[in-house]
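The values are calculated or read from the model by the stated rules, or taken from the named source; none is laboratory data. Keep in mind it's a predicted model, so treat the numbers as computed, not measured. To get the accessible areas, we keep the full protein, side chains included, count just its heavy atoms, and leave off ligands, DNA and RNA. Shrake-Rupley method; radii C 1.70, N 1.55, O 1.52, S 1.80 Å.
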Amino acid sequence: MNRRPFIAGNWKMHKTGQQAVQTATRLAELCSDLTDPEVMIAPTSLSLPLVAKALENTPVKVGAQNLHFEKQGAFTGEISAEMIKAAGAEYILIGHSERRQYFGETDESVCKKIKAALEAGLKPVLCIGETQEQREEKNTYLVLDKQVSNGLKRFGLEELSDLVLAYEPVWAIGTGLTASIEQVAQVHKHLRSLLEDLFSKDLADRTRILYGGSVKPENVKDLMGIEDVDGALVGGASLDADNFINIIKYNE
Ligand code: PEP
């Protein structure tokens with residue numbers, strides 16, 4: 001199955017609007033001759049409309065980092081899927097471990113957010129991953145299976161055609177630790193067969209599964225060489241366009 005490689009940058013809570021536009025503009029310059037992989041950056045919500053405007057007619061796509069599942073109402077400080085879409089986003093990260101860890105995100109809210117994203121025409125990137133403790137207790141698959149099945153249980157095959165899954169072991173995010181090639185290969189293979197069990201072989205074959213966790217220019221080629229790895233979700237190493245391009249052009 002031919003899955004288009006996908007490299008996504010998560011800018012977390014970094015950069016003012018002006019700084020974000022500057023980096024995005026530089027990234028677009030560096031990507032001007034790019035056909036593959038597909039590239040996306042997720043700036044803060046405040047920067048998103050500015051970055052989306054700066055990236056119009058370039059190969060670089062835009063995503064958001066979070067949404068509220070309600071359409072509108074008295075939810076101070078929140079933004080809806082429709083607002084994010086209208087601001088120029090195509091993708092949306094859902095269930096990032098930092099949101100699960102610090103902001104009480106649960107599989108239940110993840111599921112509601114995916115529903116809201118799909119209704120607004122946003123493509124969800126569902127982030128899942130085990131903690132160090134869960135891995136040591138040999139509960140990795142148990143945790144991942146729960147996150148995937150609870151997050152996706154309400155949806156049918158057609159709704160999930162644009163789903164992207166991102167496996168991000170919590171212990172590898174922002175720590176400099178990367179999962180070994182063998183660990184990543186095992187988990188990604190497992191996730192693909194889980195998608196087949198839960199949905200269909202066709203959906204499992206089509207769904208892109210990204211790896212995230214301290215991806216950098218030095219390790220991206222080996223990670224992308226793994227059979228079931230279709231891309232990377234990159235935090236720290238995506239903040240500088242001249243560094244990020246070395247991850248995007250991992251094949252050159
Ligand atoms: C992330 O934020 O999803 C991430 C993987 O971060 P980092 O690349 O910095 O580990």
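Annotations for the structure displayed:
- Helical mean residue ellipticity (222 nm; -39500 (n - 2.57) per DSSP H run of 4+; nearest 500) of the chain: -11500 deg cm²/dmol
- Screening the chain for DSSP H helices whose Cα atoms reach 24 Å or more along their own axis and whose mean Kyte hydropathy is at least -0.5 gives 181-198.
- Gaussian network model of the chain, springs between alpha carbon atoms under 10 Å - residue of ALA54, ALA74, ALA20 with greatest fluctuation: ALA74
- Solvent-accessible surface of the chain, averaged per residue with a 1.4 angstrom probe and all protein chains in place: 47 square angstrom.
- The C-alpha radius of gyration of the range 102-229, expressed as a fraction of 2.2 N^0.38 Å, stands at 1.03.
- Evaluated at q = 0.10 Å⁻¹: base-10 log I(q)/I(0), Debye formula over Cα of the chain: -0.43
- Checking the cross-link pairs LYS113/LYS216; LYS123/LYS146; LYS189/LYS216; LYS53/LYS153; LYS12/LYS216; LYS12/LYS201 against a 27 Å limit on the alpha carbon distance flags LYS113/LYS216; LYS53/LYS153; LYS12/LYS201 as lying beyond it.
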